[in-house]
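The structure appears below as structure tokens.
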Amino acid sequence: MELEELKSKWQSTEAKVEEIHQIVTAMNQVQLQKQNRRTKIGLSVGPITELIVGAAIMLAAGGFIADKWTRIASYPLGAVPAVLAGLFGWFLIWQGIWQLIFVDKLDYAGSVTETQSSLLNLRKFRARTGQFVLLAGIAFWHFPPLFFLQWVGHFDIAKSVNWPWMFANSLIGIVISSVLIAIARRLPPTSAFNRFASDVFAGGEVERAERTLNQISEFRAV
Amino acid sequence: MTARQQEFETLLAQHVGIVYRIVRTYSRNSDDQQDLAQEIKLQLWNSFSKWDRSRTFSTWIYRIALNTAISWLRKHSLRNRLSTPLDEQTTAAAPANDARFELDEIISRLDPMNQALLLLYLEELPHEEIGEVLGISAANVATRISRLKQQLHEQNKEQDSTPWN
């Protein structure tokens, strides 16, 4: 079918406007306002939670370091779990703020290429940070419980921790992460789990977003 | 109902055809169409207070509805492929009539940006307005449309040369 033929067929197909009119008008103002609130909460609830959690972790790590400063000065390695926790807290705060800025800047009334690019960048950012948190979590899983024990249980890290064992654990975690990435890249997305694995471990979501962003920039350029 | 809500409903009722055609372009079965139509209305209502009155309501509605539809499509396409059995997908997409089916088929072969471009062209919007909605220049619109024409022409030639046609 040529484009002009397509156009005349398009114009002659019966437009059942009434059908959609009913759907659109059936949604009354109360429903609209309720859904509106839900949508706004939905977009911001993740970053706000991350901001709160990040701030709590930061405060705990900072408080711990200040509290145990003399002991840390004589045994600096003892501060590693708290420093890592603090860095993770900073990371959560930073990415929470970025997401809130992205969400605030989103304008659906903007041009299609512009709005879609912003949405894809937000998606890419979320996917990237999610991937980072998960993979870092696997590699450094043993530091948070250690920090918790130091902080709450006054566990003496200098006497009780075998550092070669700690770093060997991280190494094993890095190997496990790499294997998971390799497996996830080979999984076809035929089930919800495989899709999750492909999206989170192998960065499938990031790849898809980048591909579409490229298509949009090609579309803009000509 | 406040005066603003009243104005919104009136303007929407006047332009509901735009919403309908965008919904039909980006979704096939009636559940999806209902879902997308509601999402578009919600997004229109959310943005109504920011509507720049120096611009036409139709340009504004095209932008929001297309942005919502493309995002909706991205969110739902993989989920639908995973959850809907193939025979059900085929039944859902079964043609009400051949012409409409053929039209839908041609449109669905394009990527979402070109679908938007084709839809706006079929709506007979001037190139400047298409460019304003999509965020590209009028010259770019003309080039894109001529590429679409070429693409359809090539597809036609391929179909004609296939022995079983």
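At a glance:
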read-out: Pick from the range B:70-81, criterion at the interface with chain A (Cβ under 10 Å from one of its Cβ atoms) and of a type in the set (A, V, I, L, M, F, W, C), ranking: surrounded by the fewest Cβ atoms within 10 Å (Cβ to Cβ); value: B:Leu78
read-out: Tally, over the range A:84-105, of residues that are of a type outside the set (Phe, Trp, Tyr), without any contact (Cβ under 8 Å) to a residue 60 or more places away in the chain and touching a helix residue (DSSP H, G or I) at 6+ places or on another chain (Cβ under 8 Å); value: 10
read-out: Qualifying residue in the range B:115-123 (condition: farther than 15 Å from A:Glu218 by Cα and not in a helix (DSSP H, G or I)); value: yes
read-out: From the options A:Gly89, A:Gly96, A:Gly63, residue that is closer than 30 Å to A:Phe155 by Cα and buried (at least 20 other Cβ atoms within 10 Å of the Cβ); value: A:Gly89
read-out: Residue check for B:Arg28: touching a residue at least 60 places away in the same chain (Cβ under 8 Å), in a loop (DSSP other than H, G, I, E, B) and either of a type outside the set (Val, Ile, Thr) or in contact with a Cys (Cβ under 8 Å, 6 or more places away or on another chain) (or both); value: yes
read-out: Residues satisfying the stated conditions in the range A:82-134, i.e. within 14 Å of chain B (Cβ to nearest Cβ), assigned to a helix (DSSP H, G or I) and not hydrophobic (A, V, I, L, M, F, W, C); value: A:Asp104, A:Lys105, A:Thr113, A:Glu114, A:Thr115, A:Gln116, A:Ser117, A:Ser118, A:Asn121, A:Arg123, A:Lys124, A:Arg126
read-out: In the range B:20-58, residue farthest from B:Arg4 (Cα to Cα) [restricted to those that are among the basic types (Lys, Arg) and surrounded by fewer than 17 Cβ atoms within 10 Å (Cβ to Cβ)]; value: B:Arg28
read-out: The range A:177-203, residues that are in contact (Cβ under 8 Å) with a residue 12 or more places away in the chain, more than 10 Å from chain B (Cβ to nearest Cβ) and in a helix (DSSP H, G or I); value: A:Ser177, A:Leu180, A:Ile181, A:Ile183, A:Ala184, A:Arg185, A:Ala197, A:Ser198, A:Val200
read-out: Residue count for the range B:5-18, restricted to those that are closer than 16 Å to B:Leu42 by Cβ and of a type in the set (D, E, K, R); value: 1
read-out: Output for the range A:71-129, where each listed residue is within 18 Å of the chain's Cα centre (by Cα) and aromatic (Phe, Trp, Tyr); value: A:Phe88, A:Trp90, A:Phe91, A:Trp94, A:Trp98, A:Phe102, A:Phe125
read-out: Output for the range B:1-12, where each listed residue is over 16 Å from B:Glu39 (Cα atoms) and either in contact with a Gly (Cβ under 8 Å, 6 or more places away or on another chain) or hydrophobic (A, V, I, L, M, F, W, C) (or both); value: B:Met1, B:Ala3, B:Leu11
read-out: Residue within the range B:124-142 that is facing chain A (nearest Cβ under 9 Å), hydrophobic (A, V, I, L, M, F, W, C) and within 14 Å of B:Ile70 (Cα to Cα) present; value: yes
read-out: Failed condition for A:Phe219, given (1) within 14 Å of another protein chain (Cβ to nearest Cβ); (2) within 25 Å of A:Trp94 (Cβ to Cβ); (3) of a type outside the set (S, T, N, Q); value: (2)
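Read-outs: derived from the displayed coordinates by stated rules, not from any lab. Source: prediction; values computed, not measured. Note that each Cβ is placed from the backbone with ideal geometry, even for glycine, and that neighbours are counted across all protein chains shown.
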